[in-house]
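Structure first, then comments.
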Amino acid sequence: MWRRGIITAVCAVLLTLLLVMHSSVPNRIGNLGSLLETFLPWAGLAIPVLLLIGLLRRSATALIAVLLPIAVWLNLFGGLVTDKSAGGGNLTVLTHNVNAQNADPAATAKDVIAAGADVVALEELAEGQVSTYESQLKSAYPYHSVKGTVGLWSKYPISGVKAVDIRLGWTRAMRAAVATPSGTIAVYVAHLPSVRVNFSLGFTANGRDRSADALGEAISQEKLQGVILLGDLNGTMNDRSLASITSQMRSTQGVAGDGFGFSWPAGFPMARIDQIMVKGIEPKSSWVLPATDSDHRPVAARVEIP
């Protein structure tokens, strides 16, 4: 009973080390560390496999060893599994990458309106579809601004609109002040560069990483006390390469969400790369909406502006 299952026990220990020391996996070779951190919660799928093997082998050694990755995984992600939403809040925000190849932008706009948010950020706006979103959203959101491929729609007046340079050479981020009934806040909308997994190049995320640093720097210099970031960051809260942003802001899903809040791909979400983050504002609830005609799902949050 004790001698059986040694290999399974070793695998359990290795999985534990991977979960505990994920930040030590280097990015020098193909950004492997960031790739691992993007899908880190899914490493837990190995646990029931190891547990089953231990039971079939009737190995006490393996079963005890499997307790290690279980404990570590629960420590890392157990808090995300439970529902942390609370009542209250005085502002509802939504962000959605609408997909430049969206076959029915009018229907997507109607889905956005039906969500009932006060402030809406849209990313990946194709030039030929901007007018469709503007006309469809006009009745629900009298104030809006579009900069490059990102836009902000609001029920409340906006001012101080400007593009944010995220070192791309074209505009995929913006900042605006939104005068809500509870006070004026800064709202940033961003779509960081896409990442790719390539056999020869690895996880090609260097462009995204540079843009994340630029966006984090811009947010750190914001004068308004309350800040909300809405957008497709092409990265998760676990990804070390987004530290310039995540180190100064809180995820509404992490603080007040129900579950992991995966948003991409829409058909079978495996990662939360669409983010709502706040600074100087209290998250109350956070959720993922049903799929639209985009390859991303919209995400929304209810927050409290002090």
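Side notes on the structure shown:
- The lone exception for residue 221 - which of (1) crowded, with 16+ Cβ neighbours inside 10 Å; (2) at pLDDT 95 or above it fails: (1)
- From the list 8, 82, the one residue that fits, being open to solvent by 60 Å² or more (accessible area, probe 1.4 Å), hydroxyl-bearing (Ser, Thr, Tyr) and over 21 Å from residue 235 (Cβ atoms), is 82.
- Failed item, numbered, when residue 247 is tested on (1) among the hydroxyl-bearing types (Ser, Thr, Tyr); (2) buried (at least 20 other Cβ atoms within 10 Å of the Cβ); (3) in contact with a helix residue (DSSP H, G or I) (Cβ under 9 Å, 6 or more places away or on another chain): (2)
- Test result for residue 305, at pLDDT 95 or above, open to solvent by less than 50 Å² (accessible area, probe 1.4 Å) and within 10 Å of the chain's Cα centre (by Cα): no
- Some residue of segment 251-258 being more than 22 Å from residue 44 (Cβ to Cβ) and crowded, with 18+ Cβ neighbours inside 10 Å: yes
- Where residue 285 falls short, out of the listed (1) over 22 Å from residue 42 (Cα atoms); (2) open to solvent by 50 Å² or more (accessible area, probe 1.4 Å): (2)
- Helices (runs of 4 or more DSSP H) enclosed by segment 190-306 - at least 1 residues per element that are without any contact (Cβ under 8 Å) to a residue 40 or more places away in the chain and touching an Asp or Glu at 6+ places or on another chain (Cβ under 7 Å): 243-246
- Of note, residue 61 does not satisfy the criterion of being farther than 30 Å from residue 182 by Cα, modelled with pLDDT of 95 or more and over 24 Å from the mean Cα position of the chain (by Cα).
- Set 51, 74, 56, 63: member being open to solvent by 40 Å² or more (accessible area, probe 1.4 Å) and in contact with a Gly (Cβ under 7 Å, 6 or more places away or on another chain): 63
- Residue list for segment 171-183, filter: open to solvent by 20 Å² or more (accessible area, probe 1.4 Å) and either under 19 Å from residue 95 (Cα atoms) or modelled with pLDDT under 95 (or both): 171, 172, 175, 179
- Cβ-Cβ distances below 9 Å connect the following pairs, each with a first residue in segment 88-111 that is closer than 12 Å to residue 122 by Cβ and open to solvent by 40 Å² or more (accessible area, probe 1.4 Å), a second residue that is part of a loop (DSSP other than H, G, I, E, B) and not small (Gly, Ala, Ser), and a separation of six or more residues or different chains: 111/289; 111/290; 111/292; 111/293; 111/298.
- Just one of the listed residues (78, 116) is of a type in the set (Gly, Ala, Ser) and either more than 23 Å from residue 150 (Cβ to Cβ) or assigned to a helix (DSSP H, G or I) (or both), namely 78.
- Verdict on residue 32 being in contact (Cβ under 8 Å) with a residue 24 or more places away in the chain and touching a strand residue (DSSP E or B) at 6+ places or on another chain (Cβ under 8 Å): yes
- Odd one out for residue 43, checked against (1) surrounded by fewer than 18 Cβ atoms within 10 Å (Cβ to Cβ); (2) under 27 Å from residue 240 (Cβ atoms); (3) among the hydrophobic types (A, V, I, L, M, F, W, C): (1)
- Residues that are farther than 17 Å from residue 187 by Cβ and part of a helix (DSSP H, G or I), drawn from segment 134-160: 134, 135, 136
- Given (1) touching a residue at least 40 places away in the same chain (Cβ under 8 Å); (2) basic (Lys, Arg); (3) open to solvent by 50 Å² or more (accessible area, probe 1.4 Å); (4) not in a loop (DSSP other than H, G, I, E, B), number of the condition residue 167 does not satisfy: (4)
The values are calculated or read from the model by the stated rules, or taken from the named source; none is laboratory data. All values derive from a computational prediction rather than experimental measurement. Positions of Cβ are generated from backbone atoms using ideal geometry, with glycine treated the same way; all protein chains shown enter the neighbour counts. To get the accessible areas, we keep the full protein, side chains included, count just its heavy atoms, and leave off ligands, DNA and RNA. Shrake-Rupley method; radii C 1.70, N 1.55, O 1.52, S 1.80 Å.
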